[in-house]
1. Please specify each residue of region 155-198 satisfying the condition of being touching a strand residue (DSSP E or B) at 6+ places or on another chain (Cβ under 8 Å) and farther than 15 Å from residue 141 by Cβ.
2. Name every residue in region 128-143 that is assigned to a helix (DSSP H, G or I) and within 14 Å of the chain's Cα centre (by Cα), in order of residue number.
3. In region 130-139, how many residues are surrounded by fewer than 24 Cβ atoms within 10 Å (Cβ to Cβ) and in contact (Cβ under 8 Å) with a residue 24 or more places away in the chain?
4. Looking at region 44-55, can you tell me whether even one residue there is at positive phi and either out of contact with any strand residue (DSSP E or B) (no Cβ under 7 Å at 6 or more places or on another chain) or surrounded by fewer than 16 Cβ atoms within 10 Å (Cβ to Cβ) (or both)?
5. Scan region 79-106 and report the pairs whose first residue is at positive phi and crowded, with 23+ Cβ neighbours inside 10 Å and whose second residue is part of a helix (DSSP H, G or I) and modelled with pLDDT of 95 or more, with Cβ atoms within less than 8 Å and a gap of 6+ or a chain change.
6. Look through region 201-213, keep the residues that are touching a residue at least 12 places away in the same chain (Cβ under 8 Å) and assigned to a helix (DSSP H, G or I), and return whichever of them is farthest from residue 138 (Cα to Cα).
7. Does residue 192 fit the bill of being over 24 Å from residue 101 (Cβ atoms) and surrounded by fewer than 16 Cβ atoms within 10 Å (Cβ to Cβ)?
8. Given the condition closer than 15 Å to residue 34 by Cα, under 13 Å from the mean Cα position of the chain (by Cα) and not in a strand (DSSP E or B), answer yes or no: does some residue in region 75-87 qualify?
């Protein structure tokens, strides 16, 4: 039911995106209470923040035990584009003083949730989040956009697969040039044909199901194990 509501909100935003924006456009208050509790808990255990959109949000909802076991903090908000993630990056990442941040964004940019897609602007936002994290001594993992060939809430977007592959290539190239920045490529493990997400791993072609998250967890833990050695 929650996914249906989020998809309806996405569609509404597409229709009325030019209307007056709400005061909390980036939804900075979404995790305000949880962030306060983490900052005051005095927990010195290793903390990794996952910053993202609904793909990150649903991950925690479906596998909360995975997050608890591995000291992961989920900061995903459904429907968000990279500019909204950047706007709340200080509240939802920097204020928590994590050792590592895993950033997964770009899906909703390509889906045109907040207007026409501009690859350069999306990369600017990803780079800005990365630079903010590095300036605060946080190791950065930039993850690939997951495979998809059509957005169920905006089927008018064309060449989805090509746009995702081009953005992933730029993210990978950027990560390769930056110290303390790492590229986590989920894409090959999540597709069979190189275009769409493996149907066994998704119900709507965009969001992983529980089996899909199982696959992503293996890849994520491989990366975190390398960084924590």
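The values are calculated or read from the model by the stated rules, or taken from the named source; none is laboratory data. Predicted model, so just to flag it, every value in this text is computed and none were measured. Reconstructed Cβ throughout: ideal geometry from the backbone, glycine too, with neighbour counts over all protein chains shown.
1. Of everything in region 155-198, those that are touching a strand residue (DSSP E or B) at 6+ places or on another chain (Cβ under 8 Å) and farther than 15 Å from residue 141 by Cβ turn out to be 190, 191, 197, 198.
2. Keep residues of region 128-143 that are assigned to a helix (DSSP H, G or I), which gives 128-135.
Correct list: 129, 130.
3. So the answer is 6.
4. Within region 44-55 (the criterion being at positive phi and either out of contact with any strand residue (DSSP E or B) (no Cβ under 7 Å at 6 or more places or on another chain) or surrounded by fewer than 16 Cβ atoms within 10 Å (Cβ to Cβ) (or both)), the answer is no, since none of the residues qualifies.
5. 106/82; 106/122; 106/126; 106/164; 106/167; 106/171
6. 201
7. Yes: the conditions hold for residue 192.
8. yes
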